[in-house]
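What follows is one structure encoded as structure tokens, with my remarks underneath.
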Amino acid sequence: MAEASGRITTLTVDSLVYTPQPPAVLAVIDFDGGGRFRCQLTDVDPAAVAVGDRVEMTFRKILTANGIHNYFWKARPVRGVADQDSAEDSG
């Protein structure tokens, strides 16, 4: 999963669900080469994220219960993609 990337198919920003860093940004990712995954987004501006944005996977802490840390995959925006998309659109 560490090398997986794809695009956001749909997303929601949830201010009611508990998360250590509200609001929770949840998305469905369509992976390059096939496959679909529902997950939480991290390192993202809830006001700026959009359907079609490129994302990559990262292993992050989901929660801590009874002193035990639980980790799983989250998606984050691919760094530098905005510059690449702009160059492709103009050329």
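The values are calculated or read from the model by the stated rules, or taken from the named source; none is laboratory data. Please read these numbers as outputs of a predicted model, since none were measured by experiment. Ideal geometry is used to build each Cβ from the backbone, glycine not excepted, and the neighbour counts take in all protein chains shown. For accessibility, only protein heavy atoms count, side chains too; no ligands or nucleic acids. Shrake-Rupley method; radii C 1.70, N 1.55, O 1.52, S 1.80 Å.
Overview of results
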read-out: Wholly enclosed strands (runs of 3 or more DSSP E) of region 1-58 bearing at least 1 residues open to solvent by 70 Å² or more (accessible area, probe 1.4 Å) and in contact (Cβ under 8 Å) with a residue 24 or more places away in the chain; value: 5-14, 36-40
read-out: Qualifying residues in region 59-80 (those that are in contact (Cβ under 8 Å) with a residue 12 or more places away in the chain and of a type in the set (V, I, T)) - the one least open to solvent (accessible area, probe 1.4 Å); value: V78
read-out: R36 vs. criteria under 9 Å from the mean Cα position of the chain (by Cα) and modelled with pLDDT of 95 or more; value: no
